[in-house]
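Everything on this sheet refers to the single structure shown next.
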Amino acid sequence: MKILHPVTGGALAVLFLFPLLWSGYASLRTPDGFGLENYARLFTDDSGIRGYHVLNSLTVAALTVGGTLLVATLGGYAFGRFEFPGRDALFLVTLAILMVPYATILIALYVLLGWIGLQDSLLGLSLVLIMFQLPFAIFMMRNSFAAVPRELEESAQVDGASSLGVLLRVMLPAVRPGLVTVALFAFLSSWSEFFAPLILLNSTDRFTMTLAVVNMRTATFGAIDYAALEAGVTLMAVPCLLLFMVLQRSYVRGFMSGALRG
Amino acid sequence: MTTTVSRPAVAVRAAPAGPRRRRALTGLLYAAPTAFMVGAFFVVPLGLVAWMSLHRWPLLGVPSLNAPANYTGSTGDTLLTDAAWFTARYTVIITVLLFTTALGMALLVQRKRPGTGLFRTAFFLPAAVGFASASLLFLGLLSAEIGPFGGVVSVSGSATTALGAAILLVLWRFAGFNMLILLTGLQAIPTEVYEAAKLDGAGRWQTFTHITLPLLRATIALVLTLIVTGSLLAFDQFWILTRGGPDNSTTSLVMVIYRKAFIELDLGSAAAVSVVLLIVLVAVSLVQLAVLRDRSAP
């Protein structure tokens, strides 16, 4: 058993790391050694992606992270610190989003965004992605706010600060770990999301990077340019892997607080 | 994810009626953006999908009531029934394989030993990559053209190898994620319980079946629910990796929803399939909640 642990663990670790390393290797491999040819083809081929696809993805990620932080901070403050009619009902409905997987309501969201003129727009997509994030984000921020010592808030109130002043100057610094976790989750999922952009975006010039790279596979009936595809995969994966490694601690902590309250 | 709604420590004491009402108003104001987002983009679409399922709802043009044709009309649709059977079969296979893999990995890295931290990170790292990116990664990895395995597990070879490719992908992408959830449950079991069992002369297997598994019940229910609902909603892995083939053999239910809506341009039928799927998924979640609530049973 003592020897089993490092041997099995090591073998499994290699197995799990191999595809990631291979993807980077395959994206740099060229017929005569190594180079950036596959990346160049990714951005110049007729069926390839363009700079604006990357920009679209960054826009959606920024809007989703910003919007989620704004709504969840205000909502978490309300749920964690105030008593108001309908509070528990609204909290339960927000958590119910987790029970109704979004794939089943995306058809309706597509129609709904059409009614308000946001079909095929990055803003409409971001609003939907913010909604997906809310159950986790609200839950996380509500617990963060509820854990802040009351004395901190009261002393600021005695000084005559308004509730918004208290939120901005006293509470926000105290809930920073929660904000980091919420932002990280919102970035990772909005940057990589595939199904929602596939349903909600129609014009190729509004495609996110994920959608544009997948399109290289699904829209080509001839030979697939696998090496350029792996270049796309590497470009999409590297920001996520780097962010995760840097913020691993808050990711795991957020995970534990969100996953296990049963 | 499962949560219990416990009341947070709220700063309301025996305050006079005036300030208390003002505080309630302030709370409502701060909760307003949440209420708007949840109302507009969750509650309304939920009602709308049910409403759409009762109508002939073309992608372009005016909807007209046709209930219950969207529900009854699909019964003879072999693509739909085949997809339902395939999705059910896939869900059973993935649930067994993914759960046992994740539990085995969680047990392996449960205790702090040299290398454990490194192993945990390595196992979890695939979960940081988007699922669509992971599907594209495996498309190249398993290809005969540039993959190191020469296309042994071909995504377009036969129905079996295509399904096998998707299973490999899902195990790689989600094993670490589910391991982490199981790990949080394992670590919540007090070490004294294990020590007591050891004193009573319990063996390794006995400890596992009589202590670990029963105390891990809530976490196991959560993980199984996540795996079952995730599998019933399978899309990316088949849309990207196998393209639903060969010969529609790996076409999942959500792919049929997409196809009905945006290829057959029939949003009403797509909504009807969504509603049925939604009811099944909510039922699965309710069973999980029942398991969590029922603390008296072992």
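Derivation of every value follows stated rules applied to the coordinates shown; laboratory data play no part. Predicted model, so just to flag it, every value in this text is computed and none were measured. Glycine gets a Cβ as well: all are built from the backbone with ideal geometry, and neighbour counts include every protein chain shown.
Summary of computed values
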| read-out | value |
| --- | --- |
| Distance (nanometres) between label positions extended 7 Å along Cα→Cβ at residue B:208 and residue A:62 | 5.2 nm |
| Modelled FRET efficiency - R0 51 Å, residue B:188 with residue A:121, Cβ distances, 0.05 increments | 0.70 |
| Whole-Å distance, taken between Cα centres, linking the range B:37-56 and the range B:170-223 | 41 Å |
| Assigned charges on the beta-carbon of Lys, Arg, Asp, Glu; chain A dipole about Cα centre (debye) | 620 debye |
| Paramagnetic reach from residue B:196 (point 7 Å along Cα→Cβ, amide N under 14 Å) across the range B:98-112 | none |
| Long-range HN-HN contacts of residue A:119 with modeled amide H, under 5 Å | A:114 |
| Test item: Cα-centred dipole of chain B, Lys/Arg +1 and Asp/Glu -1 on Cβ, debye | 1440 debye |
| Amide H partners (placed H, <5 Å) of residue B:266, local residues excluded | B:261 |
| Contour excess over end-to-end distance, with Cα ends at residue B:283 and residue B:263 and 0.36 nm allotted per residue | 4.2 nm |
| Derived scalar couplings ³J(HN,Hα) [the range B:154-160; Karplus, 6.51 cos²θ - 1.76 cosθ + 1.60; whole Hz; x for Gly, Pro] | 7, 6, 10, x, 9, 4, 5 |
| Amide hydrogen neighbours beyond the local backbone of residue B:250, cut-off 5 Å, H modeled | B:245 |
| For the range A:1-55 versus the range A:156-210, the gap between their alpha-carbon centres in whole angstrom | 30 Å |
| Helical mean residue ellipticity (222 nm; -39500 (n - 2.57) per DSSP H run of 4+; nearest 500) of chain A | -23500 deg cm²/dmol |
| Size-normalised alpha-carbon gyration radius of chain A, reference 2.2 N^0.38 Å | 1.21 |
| Additional length obtainable on full extension of the chain from residue B:72 to residue B:145, 0.36 nm per residue less Cα span | 21.8 nm |
| Local net charge near residue A:17, Cβ-Cβ under 15 Å (Lys/Arg +1, Asp/Glu -1) | +2 |
| Per-residue [θ]222 nm for chain B (sum of -39500 (n - 2.57) over DSSP H runs n ≥ 4, rounded to 500) | -20500 deg cm²/dmol |
| Note, ³J(HN,Hα) from phi for the range B:199-212, Karplus 6.51, -1.76, 1.60, rounded to Hz, x at Gly and Pro | 4, 6, x, 6, x, 4, 5, 4, 4, 5, 7, 9, 10, 4 |
| Test item: Cα-centred dipole of the protein assembly as shown, Lys/Arg +1 and Asp/Glu -1 on Cβ, debye | 1820 debye |
| Residues listed by number, the range A:63-94, amide nitrogen under 20 Å from residue A:164 label point at 7 Å toward C-beta | A:66-83 |
| Under the span-like rule (Cα at least 20 Å along the axis, Kyte-Doolittle mean at least -1.0), DSSP H helices of chain A | A:4-28, A:51-81, A:122-146, A:176-192, A:226-246 |
